[in-house]
Every structure is written in C-alpha cells, then in structure tokens.
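K.L.:
Below you'll find the structure I mean.
The values are calculated or read from the model by the stated rules, or taken from the named source; none is laboratory data. Computed from a predicted structure; not experimentally measured. Cβ atoms come from the backbone with ideal geometry, glycine included; neighbour counts cover every protein chain shown.
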Amino acid sequence: MNVDPITPLINGFRTERLSVLHWSPAIADSENKLQLAETLVQILTPHVLAYLPPSLQVEQTTTAVLNWINDRAQESDVYLINNTHSKTLIGLLILVDDPTSEANLNIHIGYLLSQAAWRKGYASELIKGLLKEAGRHAPITLIGGVAKGNAASAHVLRKQGFLLDQNQSDKDIDVFTATIATD
C-alpha cells in the first residue's frame, strides 16, 4: 500500500514525557531548518549513529546535516522527538513505507536518541506510543531492523511485543516485527 508522500504515515502523538511531531513544519522554513540542523549536529554524534546503516551516517557539520535532512525528507517520514518537560529535541523517529506490501501497511521504523537521553526509558516510551498510534491505522505491521551488536534497541522492541523474524534477519541485522490487526 503506497501512501501519498505529502501525507505523513502516522499522526504525531504524545506520551507522558514525549511529543512526537512530523518535522515538515520545521523544515519548510529555511531559518527553522538551519536551526534544526545546528541542533542535530549536537545529537547526531558517532556514538548515536554507530549502529545505523551507512546511508544514515553523517558528518557533524551544519552543511552535511542540512544535506542529510534533505535526503531523509525525500525518502522517509521523520518525526521530531521532544522532551515535553524541557521542550528540547532529544531525537528522531524515522518511518518508511514498504511499497512492496499490497495488503497491509508495512512501515519500517528507526529511531535515534541523543546520548543524554539514553538509559532513561525514552526509547521504550517512544515505541509504546508509536504502537498505540499505529493501532489507529490497523491493519499495520511495524518492522525494525537492529544491528546484531545493538542489544539495547533489540531489548526495547522485544519489551514492547515485537517478535524476531528469522526469515527477514541476516548475519548482521535482526529484524523484529509487530503486527496490529483490526479489531
């Protein structure tokens, strides 16, 4: 099922501590986009990007991050993850529609959080909120690929009910899925 690229795959959502909103308003204005890039230079550190595929790696310069933003905007839906208490950006949620699926909406998910946000339960809270929002679009399957060395992300997905899909996994990546059926 292809989704119109102008229409976000899901609506934004809130959790107890997070506000997750599509980034289109932030990147529509060049001044806001530059400000976002400058903030992301601080978030997209080598440690944060360590387990992400080569296509998501980026040099920590404003120019490189601006190009990275443009590339992501062309290929995926990106959501800003803000801490609602501090009103600060702590990460990104990236969703990509799988155009090969005809029956269900299959969405590949990825997320990254700033190092300062690690080990505080934000990832679990984010995925729990995403599952709740995704339920409004059922039937839907969420698919998360996790590098073999990234035990923390694998734990987050398992904790929220994702199951390891051996058929989609390979020697480098474990693929986890969560299917939400209609009631």
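K.L.:
Return the total of residues in segment 36-82 being of a type in the set (A, V, I, L, M), farther than 21 Å from residue 173 by Cβ and assigned to a helix (DSSP H, G or I).
P.N.:
10
K.L.:
From 98, 165, which residue is touching a strand residue (DSSP E or B) at 6+ places or on another chain (Cβ under 7 Å), without any contact (Cβ under 8 Å) to a residue 24 or more places away in the chain and of a type outside the set (Phe, Trp, Tyr)?
P.N.:
165
K.L.:
Has segment 102-112 got any residue that is within 16 Å of residue 36 (Cα to Cα) and touching a residue at least 24 places away in the same chain (Cβ under 8 Å)?
P.N.:
Taking every residue of segment 102-112 in turn, at least one turns out to be within 16 Å of residue 36 (Cα to Cα) and touching a residue at least 24 places away in the same chain (Cβ under 8 Å).
K.L.:
Tell me whether segment 110-127 contains one or more residues that are crowded, with 19+ Cβ neighbours inside 10 Å and more than 29 Å from residue 40 (Cα to Cα).
P.N.:
For segment 110-127, residues crowded, with 19+ Cβ neighbours inside 10 Å and more than 29 Å from residue 40 (Cα to Cα): absent.
K.L.:
Could you tell me which residue of segment 129-174 is surrounded by the most Cβ atoms within 10 Å (Cβ to Cβ), considering only residues that are touching a Lys or Arg at 6+ places or on another chain (Cβ under 9 Å) and closer than 23 Å to residue 84 by Cα?
P.N.:
Looking at residues that are touching a Lys or Arg at 6+ places or on another chain (Cβ under 9 Å) and closer than 23 Å to residue 84 by Cα, I get 129.
K.L.:
Looking at segment 86-106, can you tell me whether even one residue there is at pLDDT 95 or above, surrounded by 14 or more Cβ atoms within 10 Å (Cβ to Cβ) and not in a strand (DSSP E or B)?
P.N.:
no
K.L.:
Starting from segment 60-83, keep only residues that are buried (at least 16 other Cβ atoms within 10 Å of the Cβ), then list their pairs with residues that are of a type in the set (Asp, Glu) and not in a helix (DSSP H, G or I) whose Cβ atoms are within a distance under 9 Å, requiring at least 6 positions of separation or different chains.
P.N.:
65/59; 68/59; 76/97; 77/97
K.L.:
Select from segment 107-129 the residues that are assigned to a helix (DSSP H, G or I), within 14 Å of the chain's Cα centre (by Cα) and hydrophobic (A, V, I, L, M, F, W, C) and list them in ascending order.
P.N.:
Within segment 107-129, 123, 126, 127 qualify.
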